[in-house]
Amino acid sequence: MNELKNIIVCPNCGTPHIRKNITPQEQAICAKCGKVLYKKDKHIELKIFLLVFSGLIFFIIGMFYPIVDINIIGYKESLRVVESSLFLFNEGYIFISLFVFFTIFLFPFICVVLYFTTTFLLLIKYKKKLIKKLLLIITILKDWCFLDIFFIGILVSLVKIFSYASIDFNIGFVAYIFFLSIMFYIVKFTGVETLWDLYENI
Ligand SMILES: [Zn+2]
């Protein structure tokens, strides 16, 4: 698996090459036809950090602004994430309430703080030993950060639960979706390997 990952095929002539570590000033070219195979993104640590930073901002907005407005005849309430969890708890939906708390609040909070600290330290190239520890935690936890599939499940159950009420999504919900998309992009497309790579090059 790892060996296959290290092979890159030239998009122009199809010649396979073994991927090698290059510095930000270099670019890898095809030995046969001379086409550029890959180059190193010079500002990748800054890009990732800014993405994580905006993710953190959206997360905070998502937590401090109401996610939903609930309308039950003669009764209207706007709920933030933690309040929604409490509301569900008080309504007797204990399992879903804990589920909301862990998957929408606690796990993403831990993950975004971990990513924020790690990418910030990578950016300023400080505390290499601490970065290694943080990266080890991220590598283990990264699959738990992403319970987005469950998030959709939660939405469906929310709508089911409140079939007797009308629900409007609020600004916190929109911010949360932005947060989710950014973290999804970082975890799935940038990958923890990129962070390890940056760590090796400090
Ligand atoms: Zn080629």
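The values are calculated or read from the model by the stated rules, or taken from the named source; none is laboratory data. It should be emphasised that the depicted structure is a prediction, and the values quoted were computed from it without experimental measurement. Here the Cβ positions follow ideal geometry from the backbone for every residue, glycine too, while neighbour counts run over all protein chains shown.
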Quiz prompt | Within segment 6-22, considering residues that are exposed (fewer than 12 other Cβ atoms within 10 Å of the Cβ) and under 17 Å from TRP196 (Cβ atoms), the one farthest from the ligand (Cβ to nearest atom) | solution = ASN21
Quiz item: Is it true that some residue in segment 128-135 is outside the structural domain of LYS20 (by TED's automatic domain parsing), of a type outside the set (Ser, Thr, Tyr), at pLDDT below 90 and surrounded by 14 or more Cβ atoms within 10 Å (Cβ to Cβ)?
Solution: no
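Across segment 107-122, what is the total count of residues that are surrounded by fewer than 18 Cβ atoms within 10 Å (Cβ to Cβ) and within 16 Å of PHE49 (Cβ to Cβ)? Before you say what the answer is, go through the steps one by one.
Residues of segment 107-122 that are surrounded by fewer than 18 Cβ atoms within 10 Å (Cβ to Cβ), as a first pass: 107, 109-110, 113, 116-117, 120.
If we keep only those that are within 16 Å of PHE49 (Cβ to Cβ) as well, we get 113, 116-117, 120.
Qualifying residue count, segment 107-122: 4.
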Quiz item: Checking PHE189 against (1) at pLDDT below 80; (2) part of a helix (DSSP H, G or I); (3) closer than 20 Å to SER84 by Cα, which test does it fail?
Solution: (3)
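Just give me the residues in segment 27-51 being away from the ligand (no atom under 16 Å from the Cβ) and surrounded by 12 or more Cβ atoms within 10 Å (Cβ to Cβ), in sequence order.
Applying the first criterion (away from the ligand (no atom under 16 Å from the Cβ)) to segment 27-51 yields 40-51.
LYS40, ASP41, ILE44, GLU45, LEU46, LYS47, ILE48, PHE49, LEU50, LEU51, listed by residue number.
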